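To start, the structure under review is shown below, and the notes come after it.
No lab work stands behind these numbers, since they all come straight from the coordinates. Treat the numbers as computed from the prediction; the structure is a model and nothing was measured. Cβ placement follows ideal geometry from the backbone for every residue including glycine, while neighbour counts extend to all protein chains displayed.
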Amino acid sequence: MSQRNPHFAASLMLARMIGRQLKEQDLHYASQYTLPVMGRYRRQLLDKDVGVYRYDGLVVLSQTRSAAVLLEAGSIINRDEEMTMNSPERQEIIAGAVAVAMREFCERR
């Protein structure tokens, strides 16, 4: 999510809701993006509990006129994670968590 987005507070709320739902499904965010070794890929962690990072480099996040988040559900660089992500069960877990968070977000708005 981007702090340049005019709806930053709503974006942060949505990102936290998604992160919370994923955490409740025992899915954890990639914490390595805070490490100096990540160099130019290093990101500011806005919510350590549920894994919300700041990223101002995408126009779709920073210039849109609505709440906007980017969900990266895994990394295909890691072969084991790629295989897990390819399973219908994992896809259902992720989609379900996002759907619950979106419903909650819409109800609050």
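This table checks each residue for (1) aliphatic (A, V, I, L, M); (2) over 19 Å from residue 105 (Cα atoms); (3) out of contact with any Leu (no Cβ under 6 Å at 6 or more places or on another chain); (4) buried (at least 16 other Cβ atoms within 10 Å of the Cβ).
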| position | (1), (2), (3), (4) |
| --- | --- |
| 16 | no, no, yes, yes |
| 26 | no, yes, yes, no |
| 30 | yes, yes, yes, no |
| 44 | no, yes, yes, no |
| 48 | no, yes, yes, no |
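Would you call residue 75 within 22 Å of residue 17 (Cβ to Cβ) and among the hydroxyl-bearing types (Ser, Thr, Tyr)? Working first, answer last.
On the way: within 22 Å of residue 17 (Cβ to Cβ): no; among the hydroxyl-bearing types (Ser, Thr, Tyr): yes.
No, not satisfied.
Which members of segment 30-84 meet the condition of being part of a helix (DSSP H, G or I), in contact (Cβ under 8 Å) with a residue 24 or more places away in the chain and small (Gly, Ala, Ser)? Spell out how you get there, then give the answer.
First, pick out the residues of segment 30-84 that are part of a helix (DSSP H, G or I): 31-34, 36-41, 59-62, 79-84.
Among the residues that remain, those that are also in contact (Cβ under 8 Å) with a residue 24 or more places away in the chain are: 61-62.
The answer is 62, and nothing else.
Quick check on segment 68-81. Is at least one of its residues more than 21 Å from residue 5 (Cα to Cα), out of contact with any Asp or Glu (no Cβ under 6 Å at 6 or more places or on another chain) and of a type in the set (A, V, I, L, M, F, W, C)?
yes
Give me a count of the residues in segment 85-109 that are surrounded by fewer than 10 Cβ atoms within 10 Å (Cβ to Cβ) and in contact (Cβ under 8 Å) with a residue 12 or more places away in the chain. Working first, answer last.
The first filter runs over segment 85-109 and keeps only residues surrounded by fewer than 10 Cβ atoms within 10 Å (Cβ to Cβ), leaving 88-89, 106-107, 109.
Subsequent filtering for residues that are in contact (Cβ under 8 Å) with a residue 12 or more places away in the chain retains 109.
Result for segment 85-109: 1.
Provide a single number: the residues in segment 1-49 that are β-branched (Val, Ile, Thr) and within 25 Å of residue 65 (Cβ to Cβ). If you could, list the steps in order and put the result at the bottom.
First pass over segment 1-49, keeping only residues β-branched (Val, Ile, Thr): 18, 34, 37.
Within this subset, residues satisfying the condition of being within 25 Å of residue 65 (Cβ to Cβ) are 18.
Number satisfying all stated conditions: 1.
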